[in-house]
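Right, one structure below, let's go through it.
The values are calculated or read from the model by the stated rules, or taken from the named source; none is laboratory data. Computed from a prediction, not measured in an experiment: that's the story for all the values here. No Cβ is skipped: glycine too gets one built from the backbone with ideal geometry, and neighbour counts run over all protein chains shown. These area figures cover heavy atoms from the full protein model, side chains too; ligands, DNA and RNA do not enter into them. Shrake-Rupley method; radii C 1.70, N 1.55, O 1.52, S 1.80 Å.
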Amino acid sequence: AYTSPIPVKKTHLGNALSSEWTKIKSVRSTMWTLGIFLALVVGIGLLAAANTEPDDYADVPFTVPAFFGLILGQICLITLGVLVTSSEYGTGMIRTTFTASPQRYRVLAAKVVVFFVTAFVVSAGSILLVGLVTSSMNGGPGSGDLPWAGTVLKGGLYVSLLGVLALAVGSMLRHSAGAITAMLGLVLVPAILPAFLSIWESTVSLGEKMSDYNAINSLAKIFGAEGMDSPGGTSQLVLLVVVTAVALGVAFALLEKRDV
């Protein structure tokens, strides 16, 4: 029997992770979106910190200036999350990907892991940087002693999960513009709609819940921003984890059933 001189190795998830890491670090969209994200979070955060006094941090953590940049920065991670999957469908390169790796679930799982780790490192790192600089600039007897390590973890986790949710939506819709529009609606509509729901008494409670759990107010709760209680946001984070898990489940199911 003929034996090929070329060594044949069984592929595994590590090969898919290596492939997806090569993709995400070599495309310009990653540099642009993450670069703008860092500019927004760090730039706006340090600008806000420079215009505050130690007394302003008596009841809020030193990372609260990063919240203002994350309001806009989360859009960058949402955009990148969509492009990680939908861009390959737009160019037709997804056919090459699935030819090289017929196990489609492995490809999507590798995309999720690589994107999540990248997004979390960048987001948590930027929040940590803002917190450290703010602490050095405004630390003093007038400032409080609120722990802010939790805001770094929860804040980075929240915006990274939003990006993973966008990745799942991009995989389901297979269209960059459509998926980005859908995610922007998911982020912005719940922040606007409560004002209209408060008009009718029967929908007031729904509006209040929507106000508590929309993306902007969820981040505000995580950072303990003005008008909110002390840093929290655990229930908002849990809800996002559940929604993201459901969306990923649907994305994996559709990936196996549909043609390329």
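The set of residues from the stretch 193-223 being crowded, with 16+ Cβ neighbours inside 10 Å, of a type in the set (S, T, N, Q) and assigned to a helix (DSSP H, G or I) comprises SER211, ASN217, SER218.
Residues that are open to solvent by less than 40 Å² (accessible area, probe 1.4 Å) and either among the charged types (D, E, K, R) or touching a Leu at 6+ places or on another chain (Cβ under 8 Å) (or both) within the stretch 46-61 comprise TYR57, VAL60, PRO61, listed in sequence order. In the stretch 227-237, is there at least one residue being among the small types (Gly, Ala, Ser) and modelled with pLDDT of 90 or more? Yes: one or more hits.
Within the stretch 242-260, can you find the residues that are surrounded by 13 or more Cβ atoms within 10 Å (Cβ to Cβ) and assigned to a helix (DSSP H, G or I)?
Within the stretch 242-260, VAL243, THR244, ALA245, ALA247, LEU248, VAL250, ALA251, PHE252, LEU254, LEU255 qualify.
Counting the residues of the stretch 71-96 that are open to solvent by 20 Å² or more (accessible area, probe 1.4 Å) and more than 21 Å from the chain's Cα centre (by Cα) gives 6. The residues of the stretch 1-45 that are without any contact (Cβ under 8 Å) to a residue 60 or more places away in the chain, closer than 30 Å to THR63 by Cα and open to solvent by 60 Å² or more (accessible area, probe 1.4 Å), listed by number, are LYS25, ARG28, MET31, TRP32, ILE36, ALA39.
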